[in-house]
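The next block holds one structure in the form of structure tokens; read it before the comments.
The values are calculated or read from the model by the stated rules, or taken from the named source; none is laboratory data. Just so it is clear, the structure is predicted and the values come from calculations on it, not from any experiment. Glycine also receives a Cβ, built like all others from the backbone with ideal geometry; neighbour counts cover every protein chain displayed. To get the accessible areas, we keep the full protein, side chains included, count just its heavy atoms, and leave off ligands, DNA and RNA. Shrake-Rupley method; radii C 1.70, N 1.55, O 1.52, S 1.80 Å.
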Amino acid sequence: MENVKSEQLFNRAKRRIPGGVNSPVRAFGPVGGHPFFVERAQGPWLFDADGHRYLDYVCSWGPGILGHAHPQVVEAVQRACAGGLTFGAPTAGEVELAELINACVPDVEMVRLVSSGTEAVMSAVRVARGFTGREKIIKFAGNYHGHSDGLLVKAGSGLMTRSEPDSAGVPAGYAADTLTAVYNDGESVRALLEENYGQVAAVVVEPVAANMGVVPPEKGFLEALRRMTKEHGALLLFDEVITGFRLGLGGASAYTGVHADLYTFGKIVGGGMPLAAYGGRRDIMFCVAPLGAVYQAGTLSGNPVAVAAGIATLKILMDDTGIYERIDRRAQTLSEAYRKAGLVVNRAGSLLSAFFMPDRDVCGGETVSGVAGEEQERRKQARQVENYGDACRCDRKAFADYFNRMLAHGIYVAPSPFEAMFVSDAHSDGLIEKTCEAVAACVRGG
């Protein structure tokens with residue numbers, strides 16, 4: 001498949017844009033080669049500058065739950081554009097979107113609109129610190145919360161070692177107040193809370209992790225976080241930039257039954273436009289200026305065009321709740337195809353990841369080879385990736401080979417083994433079936 005125009009565009013881009021891309025994973029670094037440049041999109045399809053068509057399972061990294069260029073969303077955006085692009089003053093649309101968010105997620109009694117997921121989480125952490133009067137936060141290795149300085153941190157050689165920043169340019173002082181625990185390991189959180197008694201403002205978590213591949217919470221894990229944060233006077237912050245309105249209208253709180261104090265939303269809440277939000281309990285949000293002393297502002301916060309896209313998207317999801325049944329069922333069909341091909345699959349609703357794992361049981365390290373018949377198949381099907389350490393053991397070379405084979409078949413999955421696969425309502429049953437056929441061929445090397 002020739003990509004002459006995309007290659008030319010990439011070469012031009014590299015002269016003016018770092019790495020030729022405006023977000024690192026777009027550079028195809030983990031899978032080799034150079035990215036294709038998108039010219040337009042419609043429904044489940046991307047069309048590149050060279051005229052190729054790709055069935056898209058990246059969906060702009062999550063916002064495209066309805067598919068690309070949904071007519072009602074596009075019409076709402078066009079109407080908003082005709083009335084002006086930005087005002088720097090309140091609009092009725094901001095109020096309506098805030099009310100819709102509350103209707104879907106009642107825990108969000110008050111909400112502030114911002115422009116990106118990074119900004120939402122950064123602001124919510126500041127609110128947690130302002131409300132509690134504490135400075136430290138706990139996050140989890142493999143959970144991504146945007147690129148703000150204090151959250152670009154992972155665990156060192158051991159859980160209790162001093163955290164170090166994950167990026168150049170982040171002062172060590174920012175990392176010092178970020179403690180890193182192990183996802184799905186409640187005891188690692190308890191140890192940190194006890195060692196830093198009375199100092200932790202919030203535990204920040206992806207309620208369903210989706211940035212080390214999809215890793216659902218084990219039974220009791222989120223419940224333990226809720227219980228421990230209450231015991232220690234810390235807040236529980238659900239980062240739902242990906243899971244919000246993706247797992248269902250009620251997001252993770254409805255999906256898991258666990259209720260947080262603060263929430264952040266992005267991607268779907270803006271209908272594909274640059275919009276995000278943070279919010280939660282009314283008493284906590286009263287800390288935000290102009291009501292309280294926690295300052296956060298933004299010229300383009302509540303942008304009328306982005307708000308229009310968000311309102312249109314949420315209304316469609318509220319009017320046709322059958323969307324969730326359809327996309328969950330289709331994601332389950334895909335999961336079964338990947339399992340039949342021998343991969344380890346994690347799924348939560350319409351989010352899934354297929355991992356190229358060593359031939360052993362990820363949970364407990366039991367070997368699968370040497371075990372015969374039905375027992376071998378049972379162990380293979382039972383394997384799960386439970387945390388960042390598990391995910392890091394995947395075969396990245398095998399994934400890169402699979403990615404490029406899928407691309408040659410006209411199917412675009414995320415160019416990284418640590419990203420989710422997104423199913424949209426535009427992925428018909430027929431397209432899912434064709435994808436399953438491609439999976440069977442591409443995992444084997446066809």
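A few points about this structure:
- Estimated inter-spin distance, GLU39 and ALA103, nm [label 7 Å along Cα→Cβ]: 4.0 nm
- Gyration tensor verdict on the stretch 34-94 (Cα atoms; rounded if a/c is under 1.5, prolate if a/b is larger than b/c, oblate otherwise): prolate
- Relative pair counts by distance (%), Cα atoms of the stretch 178-252, 5 Å bins: 3, 16, 27, 25, 16, 9, 3, 0
- With every protein chain in place, the chain: carbon and sulfur % of accessible area (1.4 Å): 51 percent
- Diffusion constant of the stretch 74-233 at 25 °C, which comes from Stokes-Einstein with the Kirkwood Cα-pair radius and 0.890 mPa s, µm²/s: 139 µm²/s
- Each peptide among 113-126, 38-51 gets the average number of other Cβ atoms lying within 10 Å of its residues, and from highest to lowest they stand as 113-126, 38-51.
- With a threshold of 29 Å on the Cα-Cα distance, the over-threshold entries among LYS315/LYS434; LYS139/LYS219; LYS139/LYS315; LYS267/LYS340; LYS14/LYS397; LYS136/LYS315 are LYS315/LYS434; LYS139/LYS315; LYS267/LYS340; LYS136/LYS315.
- Charge tally in the Cβ shell below 11 Å around TYR183, where Lys, Arg are +1 and Asp, Glu are -1, TYR183 excluded: -4
- From the C-alpha gyration tensor of the stretch 1-147, square roots of 5λ in Å: 34, 24, 15
- Cut-off 13 Å between beta-carbons: net charge of the residues surrounding GLY302, Lys and Arg +1, Asp and Glu -1: -2
- Other residues with beta-carbon under 11 Å from the beta-carbon of ASP50 carry, at +1 per Lys or Arg and -1 per Asp or Glu, a net charge of -2.
- Fully extended contour minus Cα-Cα distance, from THR299 to THR321, at 0.36 nm per residue: 4.5 nm
- Alpha carbon Rg of the stretch 200-323, scaled by the compact-globule rule 2.2 N^0.38 Å: 1.13
- For the chain, convex hull of alpha carbons as volume per residue, Å³: 149 Å³
- The H on the amide N of GLU39, modeled in the peptide plane, is under 5 Å from the matching H of PHE47, ASP48, ALA49, each at least 5 residues off or on a different chain.
- Rolling a 1.4 Å probe across the protein heavy atoms gives the stretch 1-58 an accessible surface of 59 Å² per residue.
- Estimated [θ] at 222 nm from DSSP helical runs (n ≥ 4, -39500 (n - 2.57)) normalised by residues in the chain, nearest 500: -11500 deg cm²/dmol
- About its Cα centre, the dipole of the stretch 51-208 is roughly 240 debye, where the only charges are +1 on Lys and Arg Cβ and -1 on Asp and Glu Cβ.
- Where LYS340, LYS315 fall by accessible area, highest first, once all protein chains stay in place (1.4 Å): LYS340, LYS315
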